[in-house]
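To keep things clear, I will list the structure first and then write my remarks on it.
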Amino acid sequence: MELFYTERMKKVILFFTFALAIFLIVFRFTSTPKVWIDEGLFTEIARNVAFHGVWGIQTDPGEYSLMNVSQVSVSYPVILPVALSLKIFGIGIWQARLPMIVYMFILVVLFYLFVKKRFGFYSAILSVLLLLTFSPFYGDGRSVLGEVPGLVFLVFGALMLLLLEEGGFRSKKWAILGGLAFGLAAATKGIYLLGVSSALFIVLIFWFKQIKDKKILLTFLYGFIPPVLIWAYIHLISSNSLLDFIPNILYLASNHSVSIPLYQTILNNFARFFTETTPILFLFMFVVIATSFFFRYFKIKSKDFSIAECVVLFFIILNWVGYLGGTGWYRYFFPAHTLLYLFFPGAVYVLAKYITNIFLKRVLLIIPVALIIFQFYHMIFLSDTSLIHKRTRNDDLSTALSKIDPSKKVFFDNLAEAVIFLKGDNYSQYFYCDGCFLEGGNKDSLYDQSFDYILTGQISQDFSLPNYDRQSVDRYYLFKKISK
């Protein structure tokens, strides 16, 4: 397949692929997806880090509820870039999401580099196109969340480990860069802290003997440990939550939204992989990839063996197993699903080499292309981030809040996602995160008539406040104090 392309054709294909990537990543990124509570809490933390040096949520002007606790799922690899963007460019949704857009494009580049090195140009282009047509990539990637930044550091670490491996585990440069990347991945979000660390440990157990110079492992640790220690200082030591860390992580990883036995939760979530389209796609790709690994490493005893691939594969398995015991929300196996695209085209072409039936071979080879077409159609017309449907929530909030006089007092009633649209700091808020032990501010401030504006969404349509006019802003209600 590689011989079919001239170098000039490859450059043209590469140019159009990355041009498509830029367009799809940037297209309506400020309005799609809609802001929601998780993104709001993280952007609020970044905002206060940028302008007040406080890792927390403002509850009243000059007063903060500290958020450097273990149950806040994202950490400094997400918060600090967003804080820097807000500091440089000012307060707003595009400023908050700009680092996420950069992370998304970097992940596309890393996909191309890793797959090209392992499976060749054609597989690399298909992997990138599979990623670009995967609609959750935009829903979870554009929002200020930790999933895509963690994937960036994980794939970069795998690429560095691949280079280290190809050099016979002698290069200190690749070792320390790989350790640093994996360390930053672990520090990004709890799911990576547990998954990356466990995957690296499992790989080390199986392949410890193959690494002749054991000193290179120390160099790797010199890169891995500092980012994790910074995370531990922020979330465990300075917040005094060291003893609460493991119970909090286990609780949040469980199906804490309902009170059913663990075995029932596992059965319910496992059944999704046979009854719901996104999990079915995940299972199909995983089976293809696992089969290709079996052929390469056991059946034909291939010498083309990559420890870097196995680190990623173990992370995928650990993420999937963790998902089975959780709430069942697709976002919780989004990292594993995304990483499958890193291997799927290469796995298909590995299997195609060992199929003698011409018809079956052609069917197998067309599967990645067919999947790209199917995903592209779904992304454009059917997904929550559809390109043809314009979402107005973010624009409506920006129109309603960005023009408020900074001297006016504003109260946000459990709507942290809306704070990013307010230019000034003269605001108070009450927030409550269901199931994660986070609460701050005074919820009774909804009835405090000292505020000039009150934004809420937790009321009935006929709710009213004395001396206030009410207007609808998407699914929220903005109350403006009537001038005497």
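On the given criteria, is Arg362 among the basic types (Lys, Arg) and closer than 22 Å to Gly195 by Cβ? Give the derivation first.
Details: among the basic types (Lys, Arg): yes; closer than 22 Å to Gly195 by Cβ: no.
So Arg362 fails the test.
Go through the residues of segment 114-126 one by one and say whether even a single one is buried (at least 22 other Cβ atoms within 10 Å of the Cβ), within 18 Å of the chain's Cα centre (by Cα) and not small (Gly, Ala, Ser).
Taking every residue of segment 114-126 in turn, none turns out to be buried (at least 22 other Cβ atoms within 10 Å of the Cβ), within 18 Å of the chain's Cα centre (by Cα) and not small (Gly, Ala, Ser).
Which numbered condition trips up Phe16, out of (1) in a helix (DSSP H, G or I); (2) touching a helix residue (DSSP H, G or I) at 6+ places or on another chain (Cβ under 9 Å); (3) within 29 Å of Leu387 (Cβ to Cβ)?
Among (1) in a helix (DSSP H, G or I); (2) touching a helix residue (DSSP H, G or I) at 6+ places or on another chain (Cβ under 9 Å); (3) within 29 Å of Leu387 (Cβ to Cβ), the lone unmet condition for Phe16 is (2).
Please return the ranges of helices (runs of 4 or more DSSP H) entirely within segment 183-301 where 1 or more residues are more than 26 Å from the chain's Cα centre (by Cα). Don't jump to the end; show me each part of the working.
Working: elements: 190-207, 215-232, 245-253, 262-275, 277-294.
Answer list for segment 183-301: 190-207, 215-232, 262-275, 277-294.
So in segment 342-394, with the set limited to residues that are in a helix (DSSP H, G or I) and touching a Gly at 6+ places or on another chain (Cβ under 9 Å), which one is modelled with the lowest pLDDT?
Applying the first criterion (in a helix (DSSP H, G or I)) to segment 342-394 yields 342-352, 358-382, 393-394.
Next cut, touching a Gly at 6+ places or on another chain (Cβ under 9 Å) only: 346, 349.
Working: Gly346: 93, Tyr349: 90.
Per the criteria, the residue is Tyr349.
Is there a residue in segment 408-417 that is at negative phi, surrounded by 13 or more Cβ atoms within 10 Å (Cβ to Cβ) and without any contact (Cβ under 8 Å) to a residue 40 or more places away in the chain? Full working, then the answer.
Of all residues in segment 408-417, those at negative phi come to 408-413, 415-417.
Applying the additional criterion that residues be surrounded by 13 or more Cβ atoms within 10 Å (Cβ to Cβ) yields 408-413, 415-417.
Going one step further and asking which of them are without any contact (Cβ under 8 Å) to a residue 40 or more places away in the chain, we end up with none.
Looking through segment 408-417, none of the residues is at negative phi, surrounded by 13 or more Cβ atoms within 10 Å (Cβ to Cβ) and without any contact (Cβ under 8 Å) to a residue 40 or more places away in the chain.
Are any of the residues in segment 25-35 crowded, with 22+ Cβ neighbours inside 10 Å and part of a helix (DSSP H, G or I)?
no
What residue, of Leu438, Leu422, Leu455, is in contact (Cβ under 8 Å) with a residue 40 or more places away in the chain and under 30 Å from Ser254 (Cα atoms)? It would help to see each step written out before you state the result.
Numbers: Leu422 fails: under 30 Å from Ser254 (Cα atoms); Leu455 fails: under 30 Å from Ser254 (Cα atoms).
Result of the check over Leu438, Leu422, Leu455: Leu438.
Check whether at least one residue in segment 300-307 is touching a helix residue (DSSP H, G or I) at 6+ places or on another chain (Cβ under 9 Å) and either outside the structural domain of Ser135 (by TED's automatic domain parsing) or touching a residue at least 40 places away in the same chain (Cβ under 8 Å) (or both), and report yes or no. Can you show your working first?
If we filter segment 300-307 for residues that are touching a helix residue (DSSP H, G or I) at 6+ places or on another chain (Cβ under 9 Å), which is where we start, we get 302, 304-307.
Filter once more, so that each one left must be either outside the structural domain of Ser135 (by TED's automatic domain parsing) or touching a residue at least 40 places away in the same chain (Cβ under 8 Å) (or both): 306-307.
Looking through segment 300-307, at least one residue is touching a helix residue (DSSP H, G or I) at 6+ places or on another chain (Cβ under 9 Å) and either outside the structural domain of Ser135 (by TED's automatic domain parsing) or touching a residue at least 40 places away in the same chain (Cβ under 8 Å) (or both).
For segment 5-52, how many residues are closer than 21 Å to Gly346 by Cα and touching a residue at least 12 places away in the same chain (Cβ under 8 Å)?
Counting residues in segment 5-52 that are closer than 21 Å to Gly346 by Cα and touching a residue at least 12 places away in the same chain (Cβ under 8 Å) gives 7.
State all residues of segment 418-445 that are touching a Lys or Arg at 6+ places or on another chain (Cβ under 6 Å) and either among the aliphatic types (A, V, I, L, M) or in a helix (DSSP H, G or I) (or both); if no residue qualifies, say none.
Restricting attention to segment 418-445, the residues satisfying the condition of being touching a Lys or Arg at 6+ places or on another chain (Cβ under 6 Å) are 426, 430.
Scanning segment 418-445 gives no hits.
Suppose we keep only residues that are more than 13 Å from Ser254 (Cα to Cα) and hydroxyl-bearing (Ser, Thr, Tyr) within segment 316-355. Which one would you say is nearest to the chain's Cα centre (by Cα)?
Only one residue fits best here, namely Thr338.
From Val72, Val109, grab the single residue that is crowded, with 22+ Cβ neighbours inside 10 Å and of a type in the set (Val, Ile, Thr).
Details: Val109 fails: crowded, with 22+ Cβ neighbours inside 10 Å.
From the options Val72, Val109, the qualifying one is Val72.
The values are calculated or read from the model by the stated rules, or taken from the named source; none is laboratory data. It should be emphasised that the depicted structure is a prediction, and the values quoted were computed from it without experimental measurement. Quick reminder, even Gly has a Cβ in these numbers, built from the backbone with ideal geometry, and neighbours come from all protein chains shown.
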